1. Using the alpha-carbon atoms, what tilt in degrees (0 to 90, nearest 10) does helix B:237-252 show relative to the longest principal axis of chain B?
2. Between residue A:160 and residue B:34, what is the label-to-label distance in nm when each label sits 7 Å out along the Cα-to-Cβ direction?
3. Could you state the principal axis extents of the C-alpha atoms in segment B:8-60, from the largest down, to the nearest angstrom?
4. Setting aside same-chain residues fewer than 8 positions from residue A:107, which lysines have a Cα under 16 Å from its Cα?
5. Can you pull the one-decimal nm distance between simple spin-label points at residue B:239 and residue B:252, each 7 Å off the Cα toward Cβ?
6. Counting each DSSP H run of 4 or more residues in chain B as -39500 (n - 2.57), what helix-only mean residue ellipticity at 222 nm follows after dividing by all residues, to the nearest 500 deg cm²/dmol?
7. Using amide H atoms built in the peptide plane, which far-off residues or other-chain residues are under 5 Å from residue B:166 H to H?
8. Rounded to the nearest 0.05, what FRET efficiency do residue B:163 and residue A:4 give with R0 = 25 Å and r taken as the Cβ-Cβ distance? Could you check?
Amino acid sequence: MNDMLRQIEPVIPALRRYARALVRNRAAADDLVQDCLERAVSHWEQRRDTGSPKSWLFAILHNLAVNQFRGAAARARHVSIDEAGEHEFGQNAVQEQQLIYQDVLAKLAKLPEEQRAVLLLIAVEDLSYAEAAKVLNIPIGTVMSRLSRARERLQQELEKPADNQQGNVVQLRSKP
Amino acid sequence: MSNRPISEDDLHAYVDHALEAERQAEVAAYLEGHPDVAQRVASFSDQRSMLRAALAPIAEEPLPPQLNLSRIIESKRRRPASFRWAIAAMLMLAIGGVGGWAIRGATEAPTGGLAALAQEASDSYHVYASDRTRPVELRDSTELAAWVSSRLRQQVKLPDLSKSGYRFMGGRVVPTAHGPAAMFMYDDDRGERLVVLTRPMTSDQNAPMAPHSGNDVAGFSWADGGMGYSLVGPGAAEQLKPLANEIRKQAQSI
């Protein structure tokens, strides 16, 4: 029991970060992480890989998030833009920096979910390519090609001028 | 210095610090001589640092009470998840009429075949497996078996996939153009869900196991003795094959 606590607990902050970057809404992200932890606790004895539980936990979380996306593909888009105000992210940053960060995150959000997931797992959560492949249940080659597409696409977005108008356009469009 | 050409994968691994020291040096040397590629790689590295910096504060926030792991463990211990559905599933008790059999066959349409069944199973997967509130109507296997058996006018046995690592979640009766079908749902320790759909077949009453895929899901369908079965899940069909074989074996042992 203590072993489970000791191994899972340190991963929770990273799980929150990944969940929030995926769903862009604090409450929804924390609900996902809570679901993930409950499952992890119930299935602790059944986990197949004996190594670090990090990729196992990310796999649970990712599946929960994807199930949710699939179920609410249309709805999720409204939630992500309308409710994910700037305050969902990085409150400690200096204002100017914060604007840059918000821009990066807004542009990240434009990537297809599968590309976003790969980029986050590898570039932010420091999973190895093999671990990311396991989490996403795809071959390593697919991880590499998604990573490549994600980076190219994000670069294209970043080279567009950063302004707030774009945000407004999306917001108007996403109103039901 | 190796003679291996530099690949796109090398460039990404360079950005992610995932290369061996020797290869890292080779890529660095290559970038020296190719400023245009170097610029792309630099922009990827910038993205990486920006994303990390932008998201770092989230991981530093104090954890909310709902994510207190000790408390989650404590509450699980108080309510042990002693679901015995899988065992109960083996005790199929339902009484199914065989009345409908007599009139079967008269209204055969090619659309009632395996392809239609596979489509119905995929549709059920898309609608119900993504449902976080109420993916299944009934969780009690005995009650569920009785219900679906009476609706399908067949004795329906609930497949047990616990040996393959999938927990029985429950099921429901779902509508199809060929009458009611029984849907069963399972999940594994990663939260991945599978759906099994079964109904009487109007055509293809005996059909060998065939894979199908599309629209993010894959699966296997087959028919034995007038009953069609389709297993659908995320990912590749090949991974589902052992499960499909297991379900078929169990269904044949009624």
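Rule-based calculations on the coordinates, nothing more; no lab input. Nothing here was measured: the structure is a model prediction, and the numbers come from that model. Every residue, glycine as well, gets a Cβ built from its backbone with ideal geometry; the counts of neighbours run over all protein chains shown.
1. It is inclined by approximately 20 degrees.
2. 2.9 nm
3. 39, 23, 15
4. Result set, ordered by chain and number: A:160.
5. Each label point lies 7 Å from its Cα, and together they span 2.6 nm.
6. Per the formula, -12500 deg cm²/dmol.
7. Amide H to amide H, under 5 Å and 5 or more residues apart or across chains, residue B:166 pairs with nothing.
8. The value I calculate is 0.55.
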